[in-house]
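The values are calculated or read from the model by the stated rules, or taken from the named source; none is laboratory data. If you're wondering where the values come from, they're calculated on a predicted model, not measured in any experiment. Virtual Cβ from ideal backbone geometry, glycine too; neighbours counted across all protein chains shown. Calculation scope for accessible area: heavy atoms of the full protein, side chains included, ligands and nucleic acids excluded. Shrake-Rupley method; radii C 1.70, N 1.55, O 1.52, S 1.80 Å.
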Amino acid sequence: MTVLGVSSGNGVMLYPFKSMVIGNVELRSDYTHRGIPHQYNLNFPDTFFLKSLPSNKEMFILPDIIIGHPKCGNSSRLALSRGKAFKSHKDEPSLDLFIASVIQFSPRVFLLENLPKLLETYSKEDFTEIFSDYALTFWVGSMEELGNSQKNRIRLIITGVHKKKL
């Protein structure tokens, strides 16, 4: 099994799959210093870190799994404290990149982590239409339920299993 991170930052979510990771596509500069993803390279030294999706021909091997956590700042408490209103996730580049990667590479499984407010921009029905080849599961809950000590860290997790690649 191969895992591709898309909008996966420095790879924290990818780390449990370290031996299966082939690379990360991350356009946000937050995870680099002078354009170099130092922390990612330490954790995943033999993989790639790109700012845009490679073509299918450029990939040595296509991913079986895509994992990502696109920017959720539009609906975070920090964004609310600065802008006094939540913003839509429409046209959010890291989310668009994640969606494009699933459509382009058609992995067996994908996992997207974000804030529950994402469902105010894209409904479950919208995601079902966008990812029509996938059986989707939506989970909203405390990260404590998944072994993280941050009890108040409420997250949305969307998983998709390709209907024809079960």
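Structural remarks
- All positions within region 53-84 that are at pLDDT below 90, among the aliphatic types (A, V, I, L, M) and open to solvent by 50 Å² or more (accessible area, probe 1.4 Å): ILE61, LEU78, LEU80
- Considered as a group, the residues in region 1-52 that are charged (D, E, K, R) and more than 18 Å from LEU97 (Cα to Cα) include one that is modelled with the highest pLDDT, and that residue is LYS18.
- Within region 3-52, tally of residues that are crowded, with 17+ Cβ neighbours inside 10 Å, among the β-branched types (Val, Ile, Thr) and farther than 20 Å from CYS72 by Cβ: 4
- Residues satisfying the criterion are present in region 86-105 (criterion: modelled with pLDDT of 90 or more, acidic (Asp, Glu), assigned to a helix (DSSP H, G or I) and surrounded by fewer than 17 Cβ atoms within 10 Å (Cβ to Cβ)).
- Residues in region 153-166 that are open to solvent by 90 Å² or more (accessible area, probe 1.4 Å) and closer than 18 Å to HIS69 by Cα: ARG153 alone.
- Number of residues in region 108-146 that are crowded, with 18+ Cβ neighbours inside 10 Å, in contact with a helix residue (DSSP H, G or I) (Cβ under 9 Å, 6 or more places away or on another chain) and either modelled with pLDDT of 95 or more or part of a strand (DSSP E or B) (or both) equals 6.
- Among the residues of region 13-24, some residue qualifies, meaning at least one is within 19 Å of PRO107 (Cβ to Cβ), among the charged types (D, E, K, R) and more than 14 Å from the chain's Cα centre (by Cα).
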